[in-house]
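Peer 1: Shown below is the structure under consideration.
Bear in mind these aren't lab numbers, they're just calculated from the coordinates by the rules spelled out. Predicted model only: the values in this text are computed from it and were never measured. Note that we place each Cβ from the backbone using ideal geometry, even for glycine, and neighbour counts take in every protein chain shown.
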Amino acid sequence: MSDPSFVALATVTASTKRVGAYVDSLPPDPVENIASLKCLPLLPVNPELFQRYRGQRFQEILHTYVEGGLDIKRGDLLVVGSTEYPIQAVGEWYWPPDDANRLHLILADRQ
């Protein structure tokens, strides 16, 4: 995260968890994958994107951006404070000020 504008906006500290391999058909508890990362504040997605996920009974669909090159994938959990948000989608996003790629995360809040 070398661009000062991205660093200034990435004010939220988060971590990720990942579910490992199933044992005896039982899902294991998620374990920490990335201990600490900075992301932009979580914001609601636009109405068009919300409609895409609406049928999955999510209370809210949020999104954020993190630095690129991190080991984050669909199915991981983004942990902010004590809240775990299932990651529904991960996509690369170009950050024009420093010509770097960031990751765009689509998150669900099942509350």
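Peer 1: Using the per-residue mean of other Cβ atoms lying within 10 Å as a proxy for protection, in what order, highest first, do the peptides 90-96, 75-81, 63-69 fall?
Peer 2: 63-69, 75-81, 90-96
Peer 1: How far is it, in nm, from the label point at Asn46 to the one at Ala89 when both lie 7 Å from their Cα along the line to the Cβ?
Peer 2: It is 1.1 nm.
Peer 1: Same structure again: What's the extension gain from Ser25 to Val7 if we count 0.36 nm per residue and subtract their Cα-Cα distance?
Peer 2: Additional length available on full extension: 2.3 nm.
Peer 1: Still on this structure: When a/c reaches 1.5 or more, the comparison of a/b and b/c decides; with that in mind, is the range 4-109 rounded, prolate or oblate per its Cα gyration tensor?
Peer 2: oblate
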